[in-house]
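One structure is given here, and the rest of the page talks about it.
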Amino acid sequence: MFRRSCQFASLILLATCTGTPDVPDAPAVAMPDAESAWTLDTVVDGLSEASCPAGTDYKAPVPIKISARPVDLGPADEAASRLPAGVSFVAGWELTTDNKSFGGLSDLALDDDGDLLAVADDGAFVWIGLEDGVPDGTGKLAYMRGADGNLLQGKSLGDAEGLAVRNGLAIVSFERTHRISAFNLDDCGAAAGEAAISPLPDTYAGRLIDENRGAEALTVTPEGHILFGYETVEKGHSPIGAVANLQEAGWTDEVAPNPAGYAFVGFDTARIGGADETFWLFRSYDPIRGNRNVLSWQHGEKKVVLTRPLAVDNYEGITVETLGEGVARVWIISDDNFNPQQRTLLLAFDIAVTSE
């Protein structure tokens, strides 16, 4: 007993002498404004070439069939009571396929062909064909490649969570190895390699970020600024960061308008009725109440709350389509975690955005 006590005392002394390593300060940047000189558009040519060098042959993604079974938002009276004035439920679908690689969809964007593009958290791109705003049964899948042309390996490199599309480039944020990169899908398809935009902070508020609480949310503003948001929550809110230049990103003073008990998982910014509007997606889960989501806009002042008995699952992805006359179509999609007990649900809402 005496010997073990001495060993324990030695460990305490060693810990006291060595101390706790300092957590490095996270980088800070200013929130970009309309006059900011650097935007994604200023570097698009270089990123396109880095992802798809001259002489690289286009490689077609693998075609897949995606069944889309219509689903209601929920019982008619309950669904109607959840939608604020100016919001209408367009339609919903449960997406399924025989392809075992389909699933884990973490974010959405509309591509240049008018189809939905998604990223999966196992490092894949998934296209969902649309015809007149309805899934048409077609789809495609391609796994992401690194700068060396090899497939991204494992969760540490392939945990894709956020997505935006601009100028033919898919802009992707990753967790675990926190970073934002570009993929030239238009010119190279499945052969597109990862073109680095910037590493992302791995600390916030004086502590290390959990590897699975990183950049779930990503948007490129109408002006071309890249903003990202982490799922991690500090004092009830999730931090917002910005890319200030190639290889330079950091935290701004902005935070997401998290509802109490919810984490930040997605956002998109679009120009609606002549002004920029951001739509926010939050989620929460516990074994008693199950999955819960909040879709909000006007910085959280207006919202749609998705809880049972509505069509709920693990919604993570969001994209916004401008319809004109001050109306936005907001698409959200759920991540089934490759779990047979969960579903991939795609919902569409039309929202009349009014200026205050």
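If I filter region 242-259 for residues that are open to solvent by 30 Å² or more (accessible area, probe 1.4 Å) and either aromatic (Phe, Trp, Tyr) or closer than 22 Å to THR354 by Cβ (or both), do I get at least one hit?
Within region 242-259, the first condition is being open to solvent by 30 Å² or more (accessible area, probe 1.4 Å), and the residues that meet it are 244-248, 253-255.
Keeping just the survivors that are either aromatic (Phe, Trp, Tyr) or closer than 22 Å to THR354 by Cβ (or both) gives none.
So far as region 242-259 goes, no, none of its residues is open to solvent by 30 Å² or more (accessible area, probe 1.4 Å) and either aromatic (Phe, Trp, Tyr) or closer than 22 Å to THR354 by Cβ (or both).
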Note to self: Looking at ASP113 and the list (1) within 22 Å of VAL265 (Cα to Cα); (2) without any contact (Cβ under 8 Å) to a residue 12 or more places away in the chain, which single condition is not satisfied?
What the structure shows: (1)
Notebook entry, point to check: Which of the residues that make up region 345-356 are in a loop (DSSP other than H, G, I, E, B), touching a residue at least 60 places away in the same chain (Cβ under 8 Å) and either open to solvent by 60 Å² or more (accessible area, probe 1.4 Å) or under 19 Å from SER67 (Cβ atoms) (or both)?
Noted result: THR354, SER355
Notebook entry, point to check: So which residues in region 137-153 are free of Cβ contacts under 8 Å to residues at least 60 places away in the same chain and either part of a strand (DSSP E or B) or closer than 13 Å to GLY317 by Cβ (or both), if there are any at all?
Noted result: TYR143, ARG145, LEU151
Checklist line | Hey, LEU185 open to solvent by 10 Å² or more (accessible area, probe 1.4 Å), under 23 Å from ALA50 (Cα atoms) and touching a residue at least 60 places away in the same chain (Cβ under 8 Å) or not | finding: yes
Item checked: Selection count, region 98-157, where residues are in contact with a helix residue (DSSP H, G or I) (Cβ under 8 Å, 6 or more places away or on another chain), more than 26 Å from ASP210 (Cβ to Cβ) and among the aromatic types (Phe, Trp, Tyr) -> 0
Margin query: I'd like to check which strands (runs of 3 or more DSSP E) are fully inside region 233-344 and have at least 3 residues that are within 21 Å of PHE89 (Cβ to Cβ).
Written below: 263-272, 275-286, 290-297, 302-306, 315-324, 327-334
Note to self: Show the residue pairs meeting these rules: Cβ distance below 6 Å; 6+ apart or different chains; first residue within region 29-55 and within 18 Å of ALA195 (Cα to Cα); second residue at pLDDT below 95 and crowded, with 16+ Cβ neighbours inside 10 Å.
What the structure shows: VAL44/ASN167
Next item on the list: Tell me which residues, restricted to region 154-177, are in a loop (DSSP other than H, G, I, E, B) and surrounded by fewer than 21 Cβ atoms within 10 Å (Cβ to Cβ).
Entry: ASN167, GLY168, ARG176, THR177
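Could you list all residues from region 311-356 that are acidic (Asp, Glu) and under 28 Å from GLY103 (Cβ atoms)?
Filtering region 311-356 down to residues acidic (Asp, Glu) leaves 313, 316, 321, 325, 335-336, 350, 356.
Of everything in region 311-356, those that are acidic (Asp, Glu) and under 28 Å from GLY103 (Cβ atoms) turn out to be ASP313, GLU316, GLU321, ASP335, ASP336, ASP350.
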Note to self: I'm checking my understanding of the structure. Among residues of region 320-342 that are open to solvent by less than 10 Å² (accessible area, probe 1.4 Å) and among the β-branched types (Val, Ile, Thr), which one is farthest from VAL220 (Cα to Cα)?
What the structure shows: ILE333
Note to self: Looking at region 181-199, can you tell me whether even one residue there is in a strand (DSSP E or B), of a type outside the set (Gly, Ala, Ser) and in contact with a His (Cβ under 9 Å, 6 or more places away or on another chain)?
What the structure shows: yes
Check: Restricting to region 116-153, what's the tally of residues that are open to solvent by 10 Å² or more (accessible area, probe 1.4 Å) and among the aromatic types (Phe, Trp, Tyr)?
Finding: 2
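The values are calculated or read from the model by the stated rules, or taken from the named source; none is laboratory data. A quick note: this is a predicted structure, and the numbers were derived from the prediction, not measured. Neighbour counts run over all protein chains shown; Cβ positions are idealised from the backbone, glycine included. Note: accessible area is taken over every heavy atom of the protein model, side chains too, but ligands, DNA and RNA are not part of it. Shrake-Rupley method; radii C 1.70, N 1.55, O 1.52, S 1.80 Å.
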